[in-house]
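Worksheet: one structure, shown below.
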Amino acid sequence: GGGRAAMADGDGLMSVDYEVHGKVQGVFFRKYTQAEAKKLGLVGWVQNTSHGTVQGQIQGPASRVRELQEWLRKIGSPQSRISRADFSNEKKIEALDHKEFQILK
């Protein structure tokens, strides 16, 4: 492994908030989301909400963010049952607000 791949020209950074509905708590959803985000080189966070969903924010190269959005919409952790994923506050950013992808309590 080692060095980070250079960012492709025209693939700017973006930020998007997400909330995933369904059976997504108690199924290691946050751990899998963190692992997937790290694999894609993304930063942000994920946490359980009091109303049974999982929410967070993703930041990184636009094409990678899109990949994680698809993952959150369709795949998730092995035991999860995703009914839907909502995305909001999508915007282009100049710099990342986070250093890593964290699981928040």
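The values are calculated or read from the model by the stated rules, or taken from the named source; none is laboratory data. Being a predicted model, the structure only gives us computed values, none of them experimental. Ideal geometry is used to build each Cβ from the backbone, glycine not excepted, and the neighbour counts take in all protein chains shown. Heads up: the accessible areas ignore ligands, DNA and RNA and are worked out on the full protein's heavy atoms, side chains in. Shrake-Rupley method; radii C 1.70, N 1.55, O 1.52, S 1.80 Å.
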Review point. When only Cα pairs under 8 Å and 6 or more residues apart are kept, what is the percent relative contact order across the chain?
Key: 43
**Study point:** Pairs from 23/99; 31/91; 23/91; 23/105 whose Cα-Cα separation, in the structure shown, is over 21 Å
**Key:** 23/99; 31/91; 23/91
Point to revise | Cα principal axis extents for the range 11-85, largest first, Å | key: 34, 21, 18
Check your understanding: What angle do you read, to the nearest 10 degrees and between 0 and 90, between the alpha-carbon axis of helix 62-74 and the longest principal axis of the chain?
Key -> 10
Study note, to complete from the structure: If exposed means GluC sites (Glu not before Pro) lying in a DSSP loop and surrounded by at most 12 other beta carbons within 10 Å, then the longest stretch of the chain lacking such sites spans residues 1-93
**Study point:** Accessible area per residue in Å² at 1.4 Å probe, computed on the chain
**Key:** 61
Point to revise | Proximal aspartates and glutamates to residue 92, defined as alpha-carbon separation beneath 13 angstrom and excluding residues fewer than eight positions away on the same chain | key: 11, 17
